[in-house]
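The values are calculated or read from the model by the stated rules, or taken from the named source; none is laboratory data. Not measured: the values here are computed from a predicted model. For neighbour counting, all protein chains shown are included, and Cβ atoms are generated from backbone atoms with ideal geometry for every residue, glycine included.
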Amino acid sequence: MGNLAVALLLALTTSCFAKEGKKTGPAAAKPVAVSSAAAGTGLTEYAASTAPLTLELIGLRFAETDGKINTLKASFRQSVRMEGSDVVQTVEGDVQFKKPDLLRLTHKIPEPQTVVSDGTYLWVYRNSTNQVIQSRLETWRKSEPLAQGLLDFGKSADMLSRYDTTLTTVTAPGADGHRLFTLTLTPKLADKRGPDSDFTLTLRASTKDFFPGDATLKVGRAEIRSRFEGVRLNPAIPEEAFKFAPPADADLFKSPEPKK
């Protein structure tokens, strides 16, 4: 699972409406029913081992999980802190994903907000202001810093080769025999095109499942920490989850299309 994708997408969408005025009397977003016919499976658990932990082994385990993902569900908690500030913004909600680039993020705290990628467009709906932003997905990817890393779910192993990666720490085995480890990822020199393209992504995982469910992204003055829990692989998710129709009375803002 691409934690860089989620961390960036969540952080960018929380500020999408910062300059827009509020509108009273918002229409309620229609709930999306999620099928319980197949709850999916948990993450693969590996036997404890004292063998040396290497980037090669971690990449292999990441690839094994990537290959099993068709759909994915999880809950998330994210905190955003700006350098020099004691204020921490916290977001909690759920994520649903289907390969290759269908996504639904549902924010529950601090306020309801919905983000949907239908494969062509990226939609952001903020209930409190009844406002919708619509962007062509590929245009948004090209216009946002680090956008080439977004929506790369199921490509965690690729991240280890796409970025400069260091195995930063490995703990001693715990009571269950498993070790915790930390990876630090930074852009390759050839990919750095200005300060907005420079970042440090720290991934934390256990040898129990090799899932980087705790990620910290430092980009510019922002530090964004994301934690994922209750991860389920290949649950049944209705197609409607990845479709979005703006409420009839919502203010719709369309991002400019590139000139042909």
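Numerical summary
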{"quantity": "In the range 241-255, residue nearest to S117 (Cα to Cα) [restricted to those that are among the small types (G, A, S) and in a loop (DSSP other than H, G, I, E, B)]", "calculated": "A245"}
{"quantity": "Pairs where the first residue, in the range 121-143, is free of Cβ contacts under 8 Å to residues at least 24 places away in the same chain and of a type in the set (D, E, K, R) and the second is in a loop (DSSP other than H, G, I, E, B) and surrounded by 21 or more Cβ atoms within 10 Å (Cβ to Cβ), C-beta under 8 Å, 6+ apart", "calculated": "R141/L150; R141/L151"}
{"quantity": "Members of the range 212-225 that are surrounded by 22 or more Cβ atoms within 10 Å (Cβ to Cβ) and either more than 22 Å from T171 (Cβ to Cβ) or among the hydrophobic types (A, V, I, L, M, F, W, C) (or both)", "calculated": "A215, L217, I224"}
{"quantity": "Enumeration of residues in the range 211-260 that are aromatic (F, W, Y) and under 25 Å from N130 (Cβ atoms)", "calculated": "F242, F244, F253"}
{"quantity": "Strands (runs of 3 or more DSSP E) wholly inside the range 68-146 containing at least 3 residues that are among the small types (G, A, S)", "calculated": "71-82"}
{"quantity": "Residue match in the range 15-34 (condition: loosely packed, with under 14 Cβ neighbours inside 10 Å, farther than 30 Å from A175 by Cα, out of contact with any strand residue (DSSP E or B) (no Cβ under 9 Å at 6 or more places or on another chain) and modelled with pLDDT of 50 or more)", "calculated": "no"}
{"quantity": "Members of the range 154-204 found to be assigned to a strand (DSSP E or B), modelled with pLDDT under 95 and hydrophobic (A, V, I, L, M, F, W, C), listed by number", "calculated": "L185, F199, L201, L203"}
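Conditions (1) modelled with pLDDT under 90; (2) surrounded by 18 or more Cβ atoms within 10 Å (Cβ to Cβ); (3) under 29 Å from A175 (Cβ atoms), marked per residue:
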position	(1), (2), (3)
A47	no, no, yes
A51	no, no, yes
L57	no, no, yes
E64	no, no, yes
T71	no, yes, no
T90	no, no, no
Q96	no, yes, no
V116	no, yes, no
R126	no, yes, no
